[in-house]
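Chemist: Okay, here's the structure, questions in a sec.
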Amino acid sequence: MTSITGFVNRLGKATIRQALQGTTAEARANAVQKLGRDLRTAEMNAAERAFATKLMDRICKDVSCLVRRALSITLQNSRNLPRHIALALIEDIDSIAVPILAASPILTDSDLVDVLQSGAADKVRAIAQRKTISFHVSQAVVSFGDGPATAHLAANDGALISQETAEMIADLHADDDLIRDAALSRHDMPPAVIAKLIHHSAGEVELNLKAFPGVSSSRAARIASDMRQRAQSYVIGENWPEDRLRDYARALDKSGKLTPRLILRCAGRGDIRFAMMGLSLLSGQTLAKTRVMVLASSGLGLKALALRARFTLPQIELLSACVQSYLSVEHESRIPSAAKFQLVVAERLISSDLDLPEYISADLLDILDAHAGLRQIA
């Protein structure tokens, strides 16, 4: 028995005949599904591969889209799908092309970009959901795709997104809530783009509020400003490395959004790392020197820094209280997690004799409420 004869027998002569000559599209499609399942992981020698390629060529030319789709679905993840057949399938109608575009490891970046340039919506969205996407392809998705495609890309952790592509997303789709939320949730989104997205979102809120009956322009501006600051402080990840914190603080400073009030907000939430980064920039001191001055037991260094950073006297008093609460909790060395650490700082601040500003009190209450909710769920 020759190699090809054995291979044909393993696939099933009747199945091959049905796939090529079945009297109905449904019968041929069912046979193609069976062949596809056998072929997708089969180990083949050169002769067997040549036979399988001729077989798939014939199937790919079937007049019925049902049959061609069966081939696409069953071989979408397979490296046994010949490249020329994969290219033919992605030129087919959407229902046949999409499975290959979304998953096939055979396609190159060049193949994908050629499809993206066509602007075919469903095909572009399929590419945006691939398990891994290069920087080049990600940029092409944003350039040639629509909002849903960009949303899929932004939510895809396997997609590599460069600074340039991230800025394109912010510039082209900042008005889209779905894209903005997906972009902000990415761990690799450049800090400058995060700042831009938050600023734009707050601007949208302000415009909508101004159009609302009974809301004055000044009140709309105050609400939007408060929302912007809360978002700017809450978006900071507790595991952000120092260079990411620095880039984010610099982006805020460049746009005039790094203010004593924002630094206080972060300090009140127990985020002393960002508070020190912000103080360093606003006071013109190095981060190393800022750390020494903030953490000094006398508190005089902190006050000197805060004055250089243009904090008011009440703001300096509050900042000192935040730092002292943080240091006392840290000194006890009994807090098991960052979230619990933040909770204890919040509890001590809100139970203090300080006349806390409303925006700080609101943040502290949010922290307490969130932990109370978690306890109830547990």
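Chemist: Compute the relative contact order of segment 81-170 as a whole-number percentage, counting only Cα pairs closer than 8 Å that sit 6 or more residues apart in sequence. Intermediate values should be presented prior to the final figure.
Modeler: Working: 120 pairs, mean separation 21.6, N = 90.
Result for segment 81-170 is 24 percent.
Chemist: Another one. Among 43, 91, 347, which one shows the biggest mean-square fluctuation in a GNM of the chain, springs joining Cα atoms closer than 10 Å?
Modeler: So, out of 43, 91, 347, the one fluctuating most is 43.
Chemist: Still on this structure, I have one more. Using only DSSP helix segments of four residues or longer, with each worth -39500 (n - 2.57), what per-residue ellipticity at 222 nm results for the chain after dividing by its residue count and rounding to 500?
Modeler: It comes out at -22500 deg cm²/dmol, rounded to the nearest 500.
Chemist: Continuing with this model, one more query. First check a/c for segment 95-156, with a ≥ b ≥ c the square roots of the eigenvalues of its C-alpha gyration tensor; if it is under 1.5, answer rounded, and if not, answer prolate when a/b is larger than b/c or oblate otherwise.
Modeler: Rounded, because the longest to shortest axis ratio a/c is under 1.5.
Chemist: In addition: For the chain, modelled as a GNM with alpha-carbon contacts under 10 angstrom, which of 104, 216, 95 fluctuates the most?
Modeler: 216
Chemist: Rounded to the nearest 10 Å², what accessible area does residue 293 show when all protein chains are kept and the probe is 1.4 Å?
Modeler: Answer for residue 293: close to 40 Å² accessible.
Chemist: Can you give the three extents of the C-alpha atoms in the chain along their principal axes, from longest to shortest, in whole Å?
Modeler: Result for the chain: principal-axis Cα extents of 91, 50, 42 Å.
Chemist: For segment 64-211, what % of the accessible area comes from carbon and sulfur atoms, probe 1.4 Å?
Modeler: 53
Chemist: Under a 1.4 Å probe, what is the accessible area of the chain per residue, stated in Å²?
Modeler: With all protein chains present, the chain gives 50 Å² per residue.
Chemist: Going down the list 196/303; 61/131; 196/257; 34/123, which pairs span over 21 Å between their C-alpha atoms?
Modeler: On the way: 196/303 31 Å; 61/131 29 Å; 196/257 10 Å; 34/123 26 Å.
Among 196/303; 61/131; 196/257; 34/123, the Cα-Cα distance tops 21 Å for 196/303; 61/131; 34/123.
Chemist: Another one. Given R₀ = 51 Å, what would the calculated FRET efficiency be for residue 250 paired with residue 44, taking r from the Cβ atoms and rounding to 0.05?
Modeler: 0.35
Chemist: A further question follows. Working out 0.36 nm times the residue gap between residue 84 and residue 177, then minus their Cα-Cα distance, what length gain in nm do you get to one decimal?
Modeler: Numbers: separation 93, 0.36 × 93 = 33.48 nm, distance 3.98 nm.
Contour length minus Cα-Cα distance gives 29.5 nm.
Chemist: Output the relative contact order of segment 254-295, whole-number percent, from Cα pairs under 8 angstrom with separation of 6+ residues. Display every interim value, and only then the final one.
Modeler: Numbers: 21 pairs, mean separation 11.9, N = 42.
Reported as a whole number, the value is 28 percent.
Chemist: OK, next. If amide H atoms are built 1.01 Å from N in the plane of the peptide, which residues on other chains or at least 5 residues away come under 5 Å of the amide H of residue 159?
Modeler: 133
Chemist: Also: Restricting to Cα atoms and excluding each atom paired with itself, what does the Kirkwood estimate give for segment 31-124 in Å?
Modeler: 13.3
The values are calculated or read from the model by the stated rules, or taken from the named source; none is laboratory data. Keep in mind it's a predicted model, so treat the numbers as computed, not measured. Please note: Cβ atoms are built from the backbone with ideal geometry, for glycine as well, and neighbour counts cover all protein chains shown. Side chains are part of the model used for accessible areas, which takes the heavy atoms of the whole protein and leaves out ligands, DNA and RNA. Shrake-Rupley method; radii C 1.70, N 1.55, O 1.52, S 1.80 Å.
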